[in-house]
Amino acid sequence: MAETILVTGATGTVGSELVRALINRGVNTRAAVHSIIKGDRLRHFNPEVQLVEVDYHRPASLPLAFTGVDRVFLLTPFSDQQLIINQQLVDAAKAAGVQQVVRLSAAGADMEPGIQLGRWHRQMEQYLEQSGLSHVILRPTSFMQNFVNYQGQSIREQGAIYLPLGEGRMSYIDAFDIAEVAAAILTDDVAKHHGQAYTLTGPQAVNHTEIAGIIGQATGRPVQYVDVPETAARQAMQGAPQWMVDSMMELNALGKAGHLAGTTPAVEQLTGRPPRSFQEFAQEHRHELMPA
Ligand SMILES: NC(=O)c1ccc[n+]([C@@H]2O[C@H](COP(=O)([O-])OP(=O)(O)OC[C@H]3O[C@@H](n4cnc5c(N)ncnc54)[C@H](OP(=O)(O)O)[C@@H]3O)[C@@H](O)[C@H]2O)c1
């Protein structure tokens, strides 16, 4: 019988790309969605997808979502509840007897002492590792999509990217490539990837002046990068929870110092084609980066 794959975080940046990638491969895909209304949009683009509503604040919603599932893509939201959500999802996968869990983590999760964001991900990876489930860990670098999701408004309205990253180069990855890797693994032999952790990066590291130039070229209007001092960056995040501000600033400091510039051949090895460049990303998403 054909396998069923459950995608958590299915309406989000990586999850929605993964639903597309699995449906394109003809896989029975079940999307765990926080609300059916958001899921409807996903179904509009992928009519074959099954939708199941889950709410991590209502763990009783999980067993139904996992019923009859063979493999799971496990993604935890960026939340102060992520450790407990991860535990509930791993426990639900175990109770349902799934064959494989592919977990989205973050590059540097295995660094010691690393940074808080990485340490949380490492704790979540360890919970999965100790579950006895066959598992694969994906550790991507920062997403190119952050320039649509978080910098998109200032790019569209002011033609500016405000970030505290100095001249630091970073090897941003397109969420499309993370999804392609996840889809390749989720449709491959389970034993082949069991226990592996793959660090996924874009093809090259770019600095933010270069990114502004690339987006400017793709959208046909100039974009400038403004290097923001740390205190101003903290002020701009006023209203966000302190744990979020502190952990993001810690990540930014690593980026500014040039520690997030490494690349790996993992995307090409796992998908058979090189990861997308920032130019390709900007071209694909140019309409989301132009003024309304
Ligand atoms: N952004 C980066 O540069 C980066 C880099 C490396 C690793 N990561 C990791 O990637 C993960 C985030 O991935 P993403 O950006 O693809 O996520 P995302 O776009 O923020 O999407 C999160 C998903 O989780 C769902 N969700 C949130 N709360 C829920 C709840 N209570 N019950 C059910 N579903 C819920 C959301 O649905 P609703 O929207 O409907 O609530 C959404 O589908 C995090 O673990 C982060 O640490 C991110």
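Read-outs: derived from the displayed coordinates by stated rules, not from any lab. Since this is a predicted model, take the numbers as computed values, not measurements. Positions of Cβ are backbone-derived with ideal geometry, glycine not excepted, and every protein chain shown enters the neighbour counts.
Below, the figures for the structure above:
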read-out	value
The chain: most fluctuating residue of 166, 195, 132 per GNM, C-alpha cutoff 10 Å	132
Farthest positive-ward along the stretch 1-84 dipole, Cα basis, beta-carbon charges - from 24, 6, 67	24
Potential extension, residue 246-residue 284 segment - 0.36 nm per residue separation minus Cα distance	10.5 nm
DSSP-defined beta bridges in the chain - what % are antiparallel, rounded to 5	5 percent
GNM flexibility winner over the chain from 136, 90, 190 (Cα, springs under 10 Å)	190
Ranking of 3, 17, 112 by count of other Cβ atoms within 10 Å, fewest first	112, 3, 17
Most mobile listed residue (149, 252, 28) in the chain, GNM with C-alpha springs under 10 Å	149
Volume per residue that the Cα convex hull of the stretch 78-196 spans, once the total is divided by residue count, Å³	136 Å³
Per-residue Cβ neighbour rank within 10 angstrom, fewest leading, 127, 56	127, 56
Size of charge dipole - the stretch 139-267 - debye, nearest 20, with Cβ of Lys, Arg +1 and Asp, Glu -1, no other charges	160 debye
Against the rule of thumb 2.2 N^0.38 Å, how large the Cα Rg of the stretch 1-115 comes out	1.05
Stokes-Einstein diffusion coefficient of the stretch 182-256, Kirkwood radius over Cα pairs, 37 °C, 0.692 mPa s, in µm²/s	202 µm²/s
37 °C / 0.692 mPa s Stokes-Einstein diffusion coefficient of the chain, Kirkwood radius on C-alpha pairs, µm²/s	167 µm²/s
Percentage relative contact order, the chain, counting C-alpha pairs under 8 Å, at least six apart	18 percent
Estimated distance in nm for a label pair at residue 194 and residue 38, the labels positioned 7 Å out from Cα along Cα-to-Cβ	3.4 nm
Ascending count of other beta-carbon atoms within 10 Å, so fewest first, for 103, 25, 43	25, 43, 103
Gain in span if fully extended, residue 292 to residue 232, counting 0.36 nm per residue against the direct Cα distance	18.8 nm
